[in-house]
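> Below is the structure I would like to discuss, written out as structure tokens.
Please treat every number below as a calculation from the coordinates, not as lab data. In this text, all values refer to a predicted model and were calculated from it rather than measured experimentally. Virtual Cβ from ideal backbone geometry, glycine too; neighbours counted across all protein chains shown.
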């Protein structure tokens, strides 16, 4: 895998198409190492799609597939989503 | 989040490779300092390209300002950074990203570290701080290749040091004549001089290797992960 990456901030616009809340502040607990970090801190690898990885252990957090007709997102681990008042 | 049509009101030359686009965006919902937008360009044949750009202007500004650095061989930035003229239209979506953002009510002290055009969202924070006449302690460390490459140079020089703000520069390639300051990449001893200490809200923005290096130094200096906010610019096609 290409070692050049960005981070969760870079995919927030894309995720705004799917989520009603700001993706960068969502806390994700990694099912592999147990660390809880905001999506913004995760590493984003850009290719045909985008793979987001845990900043602590590099386990896959989220896979985005960008097709001609739609965008698909596969999530792994637990994501704590809170909605304000 | 909807795409809005923005009209370029003005273009400001910032450096040999960067320009600020001053945009009028009808029904812009407002932003927090540090946030970014996605810009979408559509070619005549329908081909679309999207890129993310940090917002340079303060939330208090009546216009939305983006500073775009031209990436050689890029697909979008050469157009935005060299060809766009006042009156042209662009599509923008945002504001995006609440994690890398700051408002005066979040308090301080602030430690802002920017590499190259990573200064852009940090400048929005400092402009916001100035607009609110905030005296929250703030330290800015900017790493630029040369003085010509330093964005907002005149404005940075005018920011009031008496109001709790200190600005530090390091030039990594060419220093101006007579420069007695830093001429190297950001390292631990440099950060130690700038650092307001544990408890600071740290914001680091720049190219990925720069951000990786600085965030590791901050952790090593005792800053906690949850206070370190980072944003990486990668080579995603420019």
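> Rounded to the nearest angstrom and ordered from largest down, what semi-axes does the equivalent ellipsoid of the range B:1-86 get from its C-alpha gyration tensor (root of 5λ)?
20, 16, 12
> In whole Å, how far is the Cα centre of the range B:39-69 from that of the range A:11-85?
Here the two parts' Cα centres lie 23 Å apart.
> Full extension from residue B:132 to residue B:105: what is 0.36 nm times the residue separation minus their Cα-Cα distance, to one decimal in nm? If you can, show how the numbers build up before the last one.
Values: separation 27, 0.36 × 27 = 9.72 nm, distance 1.02 nm.
Residue separation times 0.36 nm, minus the Cα-Cα distance, leaves 8.7 nm.
> Next up: For the protein assembly as shown, report the translational diffusion coefficient in µm²/s to the nearest whole number, using Stokes-Einstein at 20 °C, 1.002 mPa s, and a Kirkwood Rh over Cα pairs.
The calculation lands on 106 µm²/s.
> Mind checking B:30-40 for the average number of partner chain beta-carbons within 10 Å of each residue's beta-carbon?
2
> OK, next. Using only the Cα atoms of the range B:76-216, what do you get for the radius of gyration and for Dmax, in Å?
16.0, 47
> Now a separate question. Take every residue in peptide A:8-21, count the Cβ atoms of other chains within 10 Å of its Cβ, and give the average of those counts.
On the way: counts 6, 17, 11, 3, 12, 14, 5, 2, 7, 2, 0, 1, 1, 1.
Neighbouring Cβ atoms belonging to other protein chains average 6 per residue here.
> Ok, one more. Using only atoms on other chains, find how many Cβ atoms lie within 10 Å of each Cβ of peptide B:92-98 and report the average.
Mean number of neighbouring Cβ atoms from other chains: 6.
> Find, to one decimal place in angstroms, the Kirkwood hydrodynamic radius of chain A, where the mean of 1/r is taken over every pair of different Cα atoms and then inverted.
Hydrodynamic radius (Kirkwood, Cα pairs) of chain A is 12.9 Å.
> Given Cα pairs under 8 Å that are at least 6 residues apart, what percent is the relative contact order of the range B:4-96?
It rounds to 38 percent for the range B:4-96.
> Mean separation of Cα pairs under 8 Å and 6+ residues apart, divided by the residue count of chain A: what relative contact order is that in percent?
Relative contact order, chain A: 27 percent.
> Please find the FRET efficiency linking residue B:175 to residue B:153, where r is the Cβ-Cβ separation and R0 is fixed at 22 Å, and quote it to the nearest 0.05.
0.95
> Would you mind checking the radius of gyration and Dmax of the range B:163-209 based on alpha-carbon positions, in Å?
Just the Cα atoms of the range B:163-209 yield Rg and Dmax of 12.6, 37 Å.
> Where does helix B:208-220 land angle-wise versus the long Cα axis of chain B, in degrees 0 to 90, nearest 10?
Between helix and principal axis, roughly 30 degrees.
> Residue B:50 to residue A:32: FRET efficiency via 1/(1 + (r/R0)^6), r the Cβ-Cβ distance, R0 25 Å, to the nearest 0.05?
It comes to 0.20.
> What is the order of B:125, B:1, fewest Cβ neighbours within 10 Å to most?
Values: B:125 26, B:1 18.
The fewest-first ordering by Cβ neighbours comes to B:1, B:125.
> Rounding to the nearest 10 and keeping the result within 0 to 90°, find how far the Cα-based axis of helix B:119-131 lies from the longest principal axis of chain B.
Result, in degrees: 80.
> log10 I(q)/I(0), Debye, Cα-only chain B, no solvent, q = 0.09, 0.13 Å⁻¹?
Log10 of I(q)/I(0), two decimals: -0.36, -0.76.
> Between residue A:19 and residue B:3, what is the spin-label point distance in nm, taking each point 7 Å from the Cα along the Cα→C-beta axis?
Result: 2.3 nm between the two label points.
> Relative contact order of chain B, please, whole-number percent, based on alpha carbon pairs below 8 angstrom and at least 6 residues apart. Write out the running numbers ahead of the final one.
Values: 516 pairs, mean separation 46.7, N = 238.
In percent, rounded to a whole number, it is 20.
> Within the protein assembly as shown, what percent of beta bridges assigned by DSSP are antiparallel, to the nearest 5?
70 percent
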